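Take a look at the structure below.
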Amino acid sequence: STFNCAIRNIFYATRDWNGIILNQEVPMHLKPSGSWKINEIKTDDGIVIRHGLVAVSDGKVSPQSRHLVVTKDSILLQKQCASNCDSASGNRPFPLDSKEREVIVVKQNGSGLGLSIKGGAEHGLPVFISRVFRDQAADLTGQLFVGDAILSVNGHRLKNYTHEQTLKVMRDTGDVVTLVVKHYRASTPFLLRNSTNAERCAEILQDCPYLRAEEGWETVADVNDSLSNSRRSSSPADISQASSIANDSNFWALDGEWIDIATVPLKFAYITRYIYGTDQMRRNAFEVRGTGGKSTGVITILEPAALSQWIRHISDAIQSINASEMTLHNRLLPGVEQVIYIGWIHERVPSSEAQNISSNGYLWLPVFIGLKGDAVLFFKEPPVDVNDWNTTAKAFLVLEVMFRPLRDSEHLDDRPNCFTLQVIEESLIESRYFSVETRQDFLRFENAWHRAMTSSAIRTGVSWM
């Protein structure tokens, strides 16, 4: 088809972690039916989760098909795993007894726990581990097995927790997770079968009725209704669980299982279409970079409308989280020190390392900027709490800084939406050159700057013509 021919001919620039520019072809197999379509699911509490298939690369390997899930506060990437690559625990002896065990799981490089769960209070059952994925965090402990009931997560007892409530608790964990588990060997054969959550729960309840009475699971769902719902490919109860949202192969019309490989929190993150350090824009791709060096890798979407929609949705989610963070900080700050803007911008700076990435001797480096009270503040890392506002790399009074938007003819390279901030350092006037990602970002910053200038002038009694 014309579309497939276009894929053969499309190349895009990306980079490996050493800054080397690579040209990689988007492989043909990345167009299963409707692969670039953005799907939207609305949860019971009104939260919209968006998901769809994309191509992802870290610059070292060819782009691979991945499932992208965007929630209100994070991005989740999943990869497809063949049915024979999911469970590492099948070759491992089961626990010798059914006593409670405490297991500490350390997540690897921002990935998930590396396990799938079934059950929940809505089925009258504990939450069971149904799969342990090979070489991922849970498997590396050597202490977690299919058939383990998860009794608590980081001290949160899960008695009477539904499947979705358990997923939320597990999503909100940090890099080190303490699980208390108890093994039920009789449940294992049912959990290993290729059936839906509700079907497995029905089988377990039929053959292992003691589980209900032993653990005191008081909420018993109508199993027949659950079976009926689980067979509907658009069941909100299944799809709204972001960390397991593509585990139904019939729903996705693809073979194999989707497993979590990376999570990037959107708090203090930024999205960019530019190759790191340069003014070279990726035609069909973007990257989301989070705190602590976390990154989605380069996400490629060959359909322009879907690409624009993904960028808009992710940008809006980041702005929403930033606004919430400002509100939280402002509750603890006096009125004259309120925060009116936070976010990442990029600064063009001379660098000896530029020769590895760019030929013009300059690098574009991310800088976190804040407008707070009478000051503009520059950070190397975002201010996580109120006390961090006192640990800035540089701070200047806004009335002593000149903000100047630049015309297209004044741009020094191919990055648009540029401006300068002229500051005084050690009695010298220094002009710093910045760029933001989009025109909307520029207008947002410009508006915040004028608000900060006006408020500061009113407070100090300064007037200008």
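The values are calculated or read from the model by the stated rules, or taken from the named source; none is laboratory data. All values reported here derive from a predicted model rather than from experimental measurement. For neighbour counting, all protein chains shown are included, and Cβ atoms are generated from backbone atoms with ideal geometry for every residue, glycine included. Please note that ligands, DNA and RNA were not included when accessible areas were found on the heavy atoms of the full protein model with its side chains. Shrake-Rupley method; radii C 1.70, N 1.55, O 1.52, S 1.80 Å.
Do we have any residue at all in the range 162-177 that's modelled with pLDDT of 85 or more, open to solvent by less than 10 Å² (accessible area, probe 1.4 Å) and more than 27 Å from the chain's Cα centre (by Cα)? No, that holds for no residue.
So is L363 farther than 29 Å from I311 by Cβ, of a type in the set (A, V, I, L, M, F, W, C) and at pLDDT below 95 or not? Steps first, answer last, please.
Working: farther than 29 Å from I311 by Cβ: no; of a type in the set (A, V, I, L, M, F, W, C): yes; at pLDDT below 95: yes.
Against the criterion (farther than 29 Å from I311 by Cβ, of a type in the set (A, V, I, L, M, F, W, C) and at pLDDT below 95), L363 does not qualify.
Taking the numbered list (1) under 14 Å from D279 (Cβ atoms); (2) modelled with pLDDT of 95 or more in turn, I342 passes all entries but (1). L412 satisfies every condition listed in (1) in contact (Cβ under 8 Å) with a residue 12 or more places away in the chain; (2) open to solvent by less than 40 Å² (accessible area, probe 1.4 Å) except (2).
Restricted to strands (runs of 3 or more DSSP E) entirely inside the range 97-157, those with at least 2 residues that are within 15 Å of L167 (Cα to Cα) and either touching a residue at least 12 places away in the same chain (Cβ under 8 Å) or open to solvent by less than 70 Å² (accessible area, probe 1.4 Å) (or both) are 115-119, 127-132, 148-153.
Among the residues of the range 424-465, those that are surrounded by 10 or more Cβ atoms within 10 Å (Cβ to Cβ), more than 17 Å from H346 (Cβ to Cβ) and among the hydroxyl-bearing types (S, T, Y) comprise T454, S455, S456, T460.
Residues that are touching a residue at least 40 places away in the same chain (Cβ under 8 Å), open to solvent by less than 30 Å² (accessible area, probe 1.4 Å) and outside any helix (DSSP H, G or I) do occur in the range 380-389, at least one of them. If you take just the strands (runs of 3 or more DSSP E) that sit entirely in the range 272-365, which of them hold at least 2 residues that are within 26 Å of I75 (Cβ to Cβ) and polar (S, T, N, Q)? Where strands (runs of 3 or more DSSP E) fall fully within the range 272-365 and carry at least 2 residues being within 26 Å of I75 (Cβ to Cβ) and polar (S, T, N, Q), they are 295-300.
Scanning the range 187-204 finds one or more residues that are charged (D, E, K, R), surrounded by fewer than 19 Cβ atoms within 10 Å (Cβ to Cβ), modelled with pLDDT under 85 and closer than 12 Å to G119 by Cα.
Residues in the range 397-427 that are assigned to a strand (DSSP E or B) and either in contact with a Ser or Thr (Cβ under 7 Å, 6 or more places away or on another chain) or not aromatic (F, W, Y) (or both): L397, M402, R404, P405, C418, T420, L421, Q422, V423, I424, E425. Over 15 Å from the mean Cα position of the chain (by Cα) and either more than 25 Å from W389 (Cβ to Cβ) or of a type in the set (A, V, I, L, M, F, W, C) (or both) - does that describe any residue in the range 286-299? No.
Given the structure, is D441 more than 25 Å from H329 (Cα to Cα), under 34 Å from the mean Cα position of the chain (by Cα) and outside any strand (DSSP E or B)? Outline the logic, then answer.
Details: more than 25 Å from H329 (Cα to Cα): no; under 34 Å from the mean Cα position of the chain (by Cα): yes; outside any strand (DSSP E or B): yes.
No; evaluated as a whole, the condition is false for this residue.
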